[in-house]
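Working notes for the structure below.
The values are calculated or read from the model by the stated rules, or taken from the named source; none is laboratory data. Predicted model only: the values in this text are computed from it and were never measured. Every residue, glycine as well, gets a Cβ built from its backbone with ideal geometry; the counts of neighbours run over all protein chains shown.
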Amino acid sequence: MIVCKFGGTSVQDAEAMTRVAEIIGARRKKQPVVVASAMGKTTNQLLEAAQAAAKGKRQEALDLLTKVKEKHLREAQKLGIAVTEDWVSETLHTYFKEMRDLIKGVAALGELTPRITDAMASYGERLSTAILTQVLENNGIPAQLMDARDCIITDDNFMRAAPLFNLTDPAIVEHLRPVMKAGKVPVFQGFIGRTRSGVTTTIGRGGSDYSAAIIGAALEVDDIEIWTDVDGIMTTDPRMVKEARRIKAISFDEAAELAYFGAKVLHPATIIPAVRKQIPVHVLNSYKPDHDGTLITDEAPPCENPVKAIAYKSGITVVNVASTRMLMAYGFLKKIFEIFDHYQVPVDVVSTSEVSVSLTVDETSELWDIVTELKKIGEVKVDGSKSIVCCVGDNLRNIPGVPHIVFSALQDVKVQMISQGASAINITFVIDQDQLPEAVRGLHDAFFAKVDPLIFE
């Protein structure tokens, strides 16, 4: 049994969905469970419409929604679907009527709440999976459309809901096992769930990967396949460095570190359920289904290169807190992190001394409230337009000479913060955002001038 997750670009139009059907057809003997994202850019368009309605632009919002509807009907009809009053046509029209009602309600209220945001965002996956289910059927693959909200049970932290695994795992088994026993391919929405009281939630942007891993772990599948539009996990972003190489195999820990620090192939939380059950994950290209992609496993194979990949995050803000009153006093860090915890803002990189703390955040919506609280502790300075760069490799901390290579490659780059030691597999540093291309290219040249052919291609 396997889980096959298809991202937005892999189901973005009729041609892409036909490729998905071919991929699933080739995997029938492995008993695939399909998890699909919304058609490319659909979620952004739906949220844009909701935001326009909240600003009082009701007609603009309805026009945006009409464009989304026209695209879905057009692509469905190219596939021979929704050309008559079939179940797909009825489903799509029902969903768009519900969305129009939501838009009108938001416009009347003049407010877009997190709960309504999740309700609106959920339709992208619901639309794409309705079409995809019929595509599979039309290609001779018995399929059944599932409702993820019956299986992924979450808390009520709308827009970033957390699955309640004690309820989710048995619900997945209960709903999916009979379908698979009947020889059908379940088609499941990624990204969405519901609260215990039945209210629709989402598990964060990019959460379809996470949904796939949750389902895979609950069913204890043999493999989780993440189908996207790239050849696998790369040594760095190929848009930044055209010489970037494909990584053939990487460990769970390395992949999770890369995902957290900006590599966009995987959602940062994806790895967790797979690690828990030691299920291998393959990252594959739906446009090149015969390529091997990247294999993610519990332990990385030996590699001659100390660094496997370089990831980065832009749009980072550095917050510096200093207080001579805290010299030799305990509780300084605790007070600072209690403030960030109160506002539910995660911190990426931390550097400390006895009287000062520097830390980075990429969520700034609550920043000025946080700064107001921090000023009660000490002097606060905020620096924006920064980037985090992260070099990841197995057992990096114990390989001599790596820091020397890093600083030689960055000799013309101003490094503001650096962290090594908190993790055995990364060196992380903060730089000015405008120096990011120079830094990434320099590091890639330094670490990948020669590559281990067993690990890189």
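The criterion of at least 3 residues that are of a type in the set (Val, Ile, Thr) and crowded, with 16+ Cβ neighbours inside 10 Å is met, among strands (runs of 3 or more DSSP E) falling completely within the range 349-402, by 356-361, 379-392. Against the condition surrounded by 20 or more Cβ atoms within 10 Å (Cβ to Cβ) and either in a loop (DSSP other than H, G, I, E, B) or not hydrophobic (A, V, I, L, M, F, W, C) (or both), how does Ala53 come out, does it pass? In short, no.
Pairs linking a residue in the range 200-227 that is more than 14 Å from Val33 (Cβ to Cβ) to a residue that is acidic (Asp, Glu) and surrounded by 22 or more Cβ atoms within 10 Å (Cβ to Cβ), with Cβ atoms under 6 Å and 6 or more positions apart or on different chains, are Thr200/Asp118; Thr201/Asp118; Thr202/Asp118.
Applying the condition of being among the β-branched types (Val, Ile, Thr) and within 26 Å of the chain's Cα centre (by Cα) to the range 136-188 and asking which residue is farthest from Ile116 (Cα to Cα) yields Val185. Of the listed requirements (1) in contact with a Phe, Trp or Tyr (Cβ under 8 Å, 6 or more places away or on another chain); (2) assigned to a loop (DSSP other than H, G, I, E, B); (3) not assigned by TED's automatic domain parsing to the domain that holds Val33, Ala274 misses just one: (2). The residue of the range 1-49 that is nearest to Lys181 (Cα to Cα), among those that are among the small types (Gly, Ala, Ser), assigned to a loop (DSSP other than H, G, I, E, B) and modelled with pLDDT under 95, is Gly7. If you go through the range 56-84 and keep only what is among the polar types (S, T, N, Q) and part of a loop (DSSP other than H, G, I, E, B), you end up with just Thr84.
Scanning the range 407-455 for residues that are in a strand (DSSP E or B), aliphatic (A, V, I, L, M) and in contact with a Lys or Arg (Cβ under 7 Å, 6 or more places away or on another chain) yields Val430, Ile431. Taking first residues from the range 157-178 that are more than 19 Å from Gly204 (Cα to Cα) and β-branched (Val, Ile, Thr) and partners that are surrounded by fewer than 15 Cβ atoms within 10 Å (Cβ to Cβ) and at pLDDT 95 or above, no Cβ contact under 7 Å between residues at least 6 apart in sequence or on separate chains turns up.
Do we find a residue being within 14 Å of Leu284 (Cβ to Cβ) and in contact with a strand residue (DSSP E or B) (Cβ under 8 Å, 6 or more places away or on another chain) anywhere in the range 10-21? Among the residues of the range 10-21, at least one is within 14 Å of Leu284 (Cβ to Cβ) and in contact with a strand residue (DSSP E or B) (Cβ under 8 Å, 6 or more places away or on another chain), which makes the answer yes. For Gln411, state whether it is among the polar types (S, T, N, Q), out of contact with any Leu (no Cβ under 9 Å at 6 or more places or on another chain) and surrounded by fewer than 17 Cβ atoms within 10 Å (Cβ to Cβ). Against the criterion (among the polar types (S, T, N, Q), out of contact with any Leu (no Cβ under 9 Å at 6 or more places or on another chain) and surrounded by fewer than 17 Cβ atoms within 10 Å (Cβ to Cβ)), Gln411 qualifies.
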